Amino acid sequence: MHPIVGTYECKIDTKGRVLIPAALKKQLITVADGFVLKRSVYEKCVELWPMNEWNEMMQKLNQLNRFDRKADAFIRKFMAGVKIVDIDEAGRLQVSKDLIEFASISKDVVFSSKINLIEIWDKDLYENIVNDEDTDFGDLAEEVMGTITNYGA
(Lines give C-alpha, C1' and ligand atoms only; values in the text may rest on other atoms or scores of the structure.)
Protein backbone atom coordinates (compact mmCIF):
# COMPACT_ATOMS: atom_id res chain seq x y z
CA MET A 1 0.00 0.00 0.00
CA HIS A 2 1.17 3.52 -0.78
CA PRO A 3 1.63 5.93 2.12
CA ILE A 4 -1.51 7.79 3.13
CA VAL A 5 -1.06 11.55 2.85
CA GLY A 6 -2.88 14.52 4.36
CA THR A 7 -4.63 16.10 7.30
CA TYR A 8 -8.38 16.59 7.04
CA GLU A 9 -10.92 18.28 9.29
CA CYS A 10 -14.47 17.00 9.50
CA LYS A 11 -17.39 16.54 11.87
CA ILE A 12 -18.69 13.54 13.77
CA ASP A 13 -22.44 13.21 14.24
CA THR A 14 -24.27 12.21 17.42
CA LYS A 15 -24.32 8.57 16.26
CA GLY A 16 -20.53 8.46 15.90
CA ARG A 17 -20.46 8.63 12.11
CA VAL A 18 -17.82 10.64 10.25
CA LEU A 19 -18.01 11.44 6.55
CA ILE A 20 -14.61 10.54 5.08
CA PRO A 21 -13.22 13.56 3.18
CA ALA A 22 -13.16 12.96 -0.60
CA ALA A 23 -9.37 13.32 -0.95
CA LEU A 24 -8.82 10.74 1.78
CA LYS A 25 -11.51 8.40 0.47
CA LYS A 26 -9.79 8.47 -2.92
CA GLN A 27 -6.60 7.16 -1.28
CA LEU A 28 -8.48 4.47 0.62
CA ILE A 29 -10.51 3.22 -2.37
CA THR A 30 -7.90 0.53 -3.06
CA VAL A 31 -8.44 -0.96 0.40
CA ALA A 32 -11.23 -3.44 -0.22
CA ASP A 33 -10.72 -5.63 2.83
CA GLY A 34 -11.94 -3.11 5.39
CA PHE A 35 -10.31 -1.45 8.36
CA VAL A 36 -9.59 -1.77 12.05
CA LEU A 37 -10.18 1.01 14.57
CA LYS A 38 -8.18 0.93 17.80
CA ARG A 39 -6.87 3.04 20.64
CA SER A 40 -3.50 4.64 20.04
CA VAL A 41 -0.68 3.29 22.17
CA TYR A 42 0.91 6.69 22.85
CA GLU A 43 -1.77 9.37 22.36
CA LYS A 44 -5.41 10.08 23.16
CA CYS A 45 -6.55 9.39 19.61
CA VAL A 46 -7.98 6.53 17.57
CA GLU A 47 -6.05 4.77 14.81
CA LEU A 48 -7.63 3.59 11.55
CA TRP A 49 -5.62 0.68 10.14
CA PRO A 50 -6.17 -0.69 6.62
CA MET A 51 -6.80 -4.42 7.04
CA ASN A 52 -3.64 -5.44 5.17
CA GLU A 53 -1.51 -3.33 7.54
CA TRP A 54 -3.40 -4.74 10.52
CA ASN A 55 -2.80 -8.31 9.36
CA GLU A 56 0.95 -7.60 9.15
CA MET A 57 0.88 -6.28 12.72
CA MET A 58 -1.04 -9.36 13.88
CA GLN A 59 1.66 -11.60 12.40
CA LYS A 60 4.25 -9.72 14.48
CA LEU A 61 2.14 -9.90 17.65
CA ASN A 62 1.55 -13.59 17.10
CA GLN A 63 5.28 -14.17 17.52
CA LEU A 64 5.19 -12.90 21.11
CA ASN A 65 5.31 -15.51 23.86
CA ARG A 66 1.92 -15.46 25.58
CA PHE A 67 3.44 -17.22 28.58
CA ASP A 68 5.57 -14.13 29.18
CA ARG A 69 3.53 -11.86 31.47
CA LYS A 70 4.75 -8.63 29.87
CA ALA A 71 4.03 -9.88 26.37
CA ASP A 72 0.60 -11.08 27.45
CA ALA A 73 -0.19 -7.74 29.12
CA PHE A 74 1.01 -5.87 26.03
CA ILE A 75 -1.21 -7.92 23.72
CA ARG A 76 -4.22 -7.33 25.99
CA LYS A 77 -3.66 -3.56 26.11
CA PHE A 78 -2.85 -3.32 22.40
CA MET A 79 -6.04 -5.17 21.45
CA ALA A 80 -8.30 -3.26 23.88
CA GLY A 81 -11.17 -1.58 22.07
CA VAL A 82 -10.31 -2.99 18.63
CA LYS A 83 -13.19 -2.87 16.13
CA ILE A 84 -13.42 -4.09 12.53
CA VAL A 85 -15.12 -1.38 10.45
CA ASP A 86 -15.98 -0.49 6.87
CA ILE A 87 -16.77 2.72 5.08
CA ASP A 88 -20.52 2.63 4.37
CA GLU A 89 -22.22 3.40 1.04
CA ALA A 90 -22.57 7.06 2.05
CA GLY A 91 -18.81 7.31 2.62
CA ARG A 92 -19.05 7.36 6.42
CA LEU A 93 -17.02 5.63 9.10
CA GLN A 94 -18.71 4.51 12.34
CA VAL A 95 -16.66 5.19 15.49
CA SER A 96 -17.88 3.32 18.56
CA LYS A 97 -18.81 5.15 21.74
CA ASP A 98 -15.96 3.63 23.77
CA LEU A 99 -13.37 4.84 21.24
CA ILE A 100 -14.99 8.29 21.09
CA GLU A 101 -14.75 8.49 24.88
CA PHE A 102 -11.15 7.20 24.92
CA ALA A 103 -10.05 9.93 22.49
CA SER A 104 -12.26 12.65 24.04
CA ILE A 105 -13.72 13.29 20.60
CA SER A 106 -16.33 16.03 20.44
CA LYS A 107 -17.93 17.38 17.27
CA ASP A 108 -14.85 18.50 15.32
CA VAL A 109 -12.35 15.81 14.35
CA VAL A 110 -9.08 15.63 12.44
CA PHE A 111 -7.95 12.74 10.27
CA SER A 112 -4.15 12.85 10.19
CA SER A 113 -2.07 10.51 8.05
CA LYS A 114 0.67 8.55 9.75
CA ILE A 115 2.35 6.82 6.81
CA ASN A 116 0.40 3.53 6.67
CA LEU A 117 -2.49 4.38 8.99
CA ILE A 118 -4.66 7.32 10.00
CA GLU A 119 -5.02 8.94 13.40
CA ILE A 120 -8.46 10.29 14.30
CA TRP A 121 -8.27 13.14 16.82
CA ASP A 122 -10.52 15.57 18.58
CA LYS A 123 -9.61 18.79 16.77
CA ASP A 124 -8.63 20.74 19.90
CA LEU A 125 -6.42 17.91 21.22
CA TYR A 126 -4.76 17.59 17.81
CA GLU A 127 -4.04 21.32 17.62
CA ASN A 128 -2.58 21.24 21.13
CA ILE A 129 -0.18 18.40 20.38
CA VAL A 130 0.90 19.72 16.97
CA ASN A 131 1.47 23.22 18.35
CA ASP A 132 3.18 22.05 21.56
CA GLU A 133 5.83 24.68 22.23
CA ASP A 134 7.68 22.39 24.66
CA THR A 135 8.78 20.21 21.74
CA ASP A 136 11.39 21.73 19.42
CA PHE A 137 10.60 20.08 16.08
CA GLY A 138 14.06 20.88 14.68
CA ASP A 139 15.74 19.11 17.60
CA LEU A 140 13.36 16.17 17.29
CA ALA A 141 14.00 15.90 13.53
CA GLU A 142 17.75 15.96 14.06
CA GLU A 143 17.61 13.31 16.78
CA VAL A 144 15.28 10.96 14.91
CA MET A 145 16.24 11.51 11.27
CA GLY A 146 19.88 12.52 11.77
CA THR A 147 20.93 8.90 12.17
CA ILE A 148 19.83 8.00 8.63
CA THR A 149 23.12 8.28 6.74
CA ASN A 150 21.81 8.50 3.17
CA TYR A 151 18.77 10.67 3.92
CA GLY A 152 18.57 13.51 1.41
CA ALA A 153 21.48 12.19 -0.65
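The values are calculated or read from the model by the stated rules, or taken from the named source; none is laboratory data. Please read all numbers here as calculations on a predicted model, not as lab measurements. Methodologically, a virtual Cβ is constructed for each residue, glycine included, from the backbone with ideal geometry; neighbour enumeration extends over all protein chains shown.
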Which listed residue, of Leu64, Leu99, is within 25 Å of Lys11 (Cα to Cα) and either hydrophobic (A, V, I, L, M, F, W, C) or assigned to a loop (DSSP other than H, G, I, E, B) (or both): Leu99
First in the range 127-146 and free of Cβ contacts under 8 Å to residues at least 12 places away in the same chain, second anywhere and assigned to a loop (DSSP other than H, G, I, E, B), Cβ under 7 Å, 6 or more apart: Met145/Tyr151
Which listed residue, of Val130, Val110, is among the aliphatic types (A, V, I, L, M) and surrounded by fewer than 16 Cβ atoms within 10 Å (Cβ to Cβ): Val130
All positions within the range 35-73 that are closer than 21 Å to His2 by Cβ and of a type in the set (Phe, Trp, Tyr): Phe35, Trp49, Trp54
Extreme residue, surrounded by the fewest Cβ atoms within 10 Å (Cβ to Cβ), among residues of the range 15-37 that are part of a loop (DSSP other than H, G, I, E, B) and among the charged types (D, E, K, R): Lys15
Near pairs, Cβ below 7 angstrom, 6+ apart or cross-chain, from the range 82-110 (within 24 Å of Glu127 (Cβ to Cβ)) to any residue that is among the acidic types (Asp, Glu) and at pLDDT 95 or above: Ala103/Asp122; Ser104/Asp122; Ile105/Asp122; Ser106/Asp122; Asp108/Glu9; Val109/Asp122; Val110/Glu9
